[in-house]
Amino acid sequence: MNRKFNKIPKLHVRKGDTVKVLSGNDKNKTGEIKVINLKEGTAIVDGVNMVTKHRKPDADNPNGSIVKLEAPIRVSKLQLMVNGEATRIGRKRNDEGKLQRYSKKTGDFIKN
């Protein structure tokens, strides 16, 4: 859905949504979105797309360390979970006339 002035497209998912991964090494895993980067079209999902990073020694950690972190994943690989089921998303006007997301599977509006 392209916008007239702000050229960054709207996304079908938001921070705090529970999503399912559709493809890649973490296919069928679910998690909650922590951070979304609109310009790059990526999201960081809790417990998905884990990578290993090596930390250099510093004053706090004199030996260095190896940590596992979530790496960004493309938003196009994510599908929203509503009531435990993956569903496609649409937008339609609610009773107040505002555009709101709805589940195409059930037809119900999604709480923001």
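Some observations on this one:
- Count of the stretch 15-58 residues which are outside any strand (DSSP E or B), under 22 Å from K104 (Cβ atoms), touching a Leu at 6+ places or on another chain (Cβ under 9 Å) and touching a residue at least 12 places away in the same chain (Cβ under 8 Å): 3
- Once the stretch 12-55 is narrowed to residues that are over 26 Å from Q100 (Cβ atoms) and among the basic types (K, R), the residue that is nearest to the chain's Cα centre (by Cα) is K29.
- Hits in the stretch 72-110 - residues which are among the hydrophobic types (A, V, I, L, M, F, W, C) and over 17 Å from T18 (Cα atoms): L99
Conditions (1) of a type in the set (S, T, N, Q); (2) surrounded by fewer than 12 Cβ atoms within 10 Å (Cβ to Cβ); (3) in contact with a Lys or Arg (Cβ under 8 Å, 6 or more places away or on another chain), marked per residue:
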| site | (1), (2), (3) |
| --- | --- |
| R14 | no, no, no |
| L22 | no, no, yes |
| S65 | yes, yes, yes |
| T106 | yes, no, no |
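- Within the stretch 81-108, the set of residues being of a type in the set (S, T, N, Q) and in a loop (DSSP other than H, G, I, E, B) comprises N83, T87, N94, T106.
Throughout, read-outs are computed from the coordinates displayed, never taken from laboratory work. This one's a predicted model, so the numbers in the text were calculated from it and none came from an experiment. So basically every Cβ, Gly included, is an ideal-geometry build from the backbone, and we count neighbours across all protein chains shown.
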